[in-house]
Amino acid sequence: MSEAAFPVKPARTRHPRLGYLMASAAAVLWGINGGVSKTILATGLSSERLAQVRSLGAALGLVAILAVTAPGRLRLTRRELPYLVAFGMGGLAFVQFFYFLAIHRLAIGIALLVEYLAPLLVALWARFVQKTHVRRRIWVALALALTGLGLIVNLFGGGETLSTAGILFALGGALAYALYVLLAEHVVGDRDPVSLLAWGFLFASVFWAVVVPWWTFPAGKLTADAGLGGNLASHHLPVWALAVWMVALGTIAPFFLLVSALRHVSATTAGIVAMLEPVVGALVGWLWLRESLDAVQLLGAAIVLAAIGLAQTAR
């Protein structure tokens with residue numbers, strides 16, 4: 001795709017601070033959702049099925065909101081159809097698909113670190129394809145953020161043989177993430193975030209329905225009770241309640257916040273701010289799931305936060 005492939009849109013009032021706040025809130029909700037999703041997966045529901053529930057639940061929720069409040073926003077034009085299909089199947093669905101393939105072969109932290117190469121890919125696209133000037137501090141912020149993430153997941157501890165296939169799948173997830181952010185940044189100027197996500201998740205749901213047909217879905221697993229584990233081991237919730245949390249606060253809300261943030265900050269900056277996710281995930285793992293969090297990981301979290309602060313100065 002070239003810059004000319006996207007239509008020219010009228011100027012829009014931008015509020016960078018609001019964009020940073022939205023992207024940060026999205027990252028926090030995603031970080032918390034990691035613990036929720038891990039609890040659901042521990043019940044035996046597969047990663048593919050969980051992604052299927054997540055996509056369809058988000059699509060139905062967003063379409064219902066629009067059907068009641070603004071049904072006209074659901075209109076779809078022939079010109080934007082290819083972008084929305086690519087956004088849903090190539091972005092939303094494949095981010096999950098490649099990530100799940102990667103975590104079967106790699107530690108989750110390493111897979112997440114590789115996937116968060118996406119902001120660097122977005123910056124490279126902006127600089128060398130769109131010929132957009134990328135300020136030097138953005139490159140410094142990216143380098144700091146990736147270094148901090150490496151410390152959080154103990155990437156520099158050594159001793160672990162990495163799966164080549166797992167790395168390739170994680171890189172595929174990074175490409176899909178970059179595609180998702182770039183398409184959202186361009187399409188969001190012509191379509192509101194809610195309808196954009198509604199169509200995106202709808203097309204993602206079509207993809208998952210083909211990969212894992214609904215008529216083979218293990219419905220009984222949704223009615224089972226799930227122990228929350230860790231410091232909440234004495235508490236139980238039905239899997240369907242956790243799934244509702246995952247759809248509403250782990251999917252609809254953060255995706256809406258991130259896409260809305262792209263009205264106010266660039267895709268590169270939003271991607272850097274979203275790197276708060278593994279920081280929050282590490283804290284959730286420590287406070288909830290009793291996962292270790294040592295001094296090196298805390299240093300990594302501080303470096304990521306410093307990188308985000310630096311990125312916020314590049315307006």
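The values are calculated or read from the model by the stated rules, or taken from the named source; none is laboratory data. What you see is a predicted model, and the numbers here were worked out from it, not measured in a lab. Backbone-built Cβ (ideal geometry, glycine too); neighbour counts: all protein chains shown. Calculation scope for accessible area: heavy atoms of the full protein, side chains included, ligands and nucleic acids excluded. Shrake-Rupley method; radii C 1.70, N 1.55, O 1.52, S 1.80 Å.
Whose amide H sits under 5 Å from the amide H of A226, counting only residues 5 or more places off or on another chain, with H placed in the peptide plane?
HN-HN under 5 Å from A226: L237, V239.
Hey, can you rank 65-72, 16-23, 193-200 by average C-beta count inside 10 Å, highest first? Don't skip to the answer; put the middle values down first.
Numbers: 65-72: 11.5, 16-23: 19.4, 193-200: 25.0.
Final packing ranking: 193-200, 16-23, 65-72.
Long-range amide H contacts for R290: which residues qualify at under 5 Å (H placed 1.01 Å from N, peptide plane, sequence gap of 5 or more or a different chain)?
Hits under the 5 Å cutoff: N231.
HN-Hα J couplings of segment 223-232 from phi, Karplus 6.51/-1.76/1.60, θ = phi - 60°, integer Hz, Gly and Pro as x?
8, 6, 8, 10, x, 6, x, x, 6, 10
Give me the 1.4 Å probe accessible area per residue for segment 216-296, excluding ligands and nucleic acids, in Å².
Numbers: 3430 Å² over 81 residues.
About 42 Å² of surface per residue is accessible.
Between R137 and L74, what is the spin-label point distance in nm, taking each point 7 Å from the Cα along the Cα→C-beta axis?
4.5 nm
What does the net charge come to around L149 if you take all other residues with beta carbon closer than 11 Å to its beta carbon, with K and R at +1 and D and E at -1? Walk me through the numbers on the way to the answer.
Values: positive: none; negative: E115, E277.
Result for the local shell: -2.
So if R0 is 51 Å, what FRET efficiency would A295 and W215 give, r being the distance between their Cβ atoms, rounded to the nearest 0.05? Before the final figure, lay out each step's value.
Details: r = 51 Å, r/R0 = 1.00.
Efficiency at R0 = 51 Å is approximately 0.50.
Full extension from A224 to A64: what is 0.36 nm times the residue separation minus their Cα-Cα distance, to one decimal in nm?
54.9 nm
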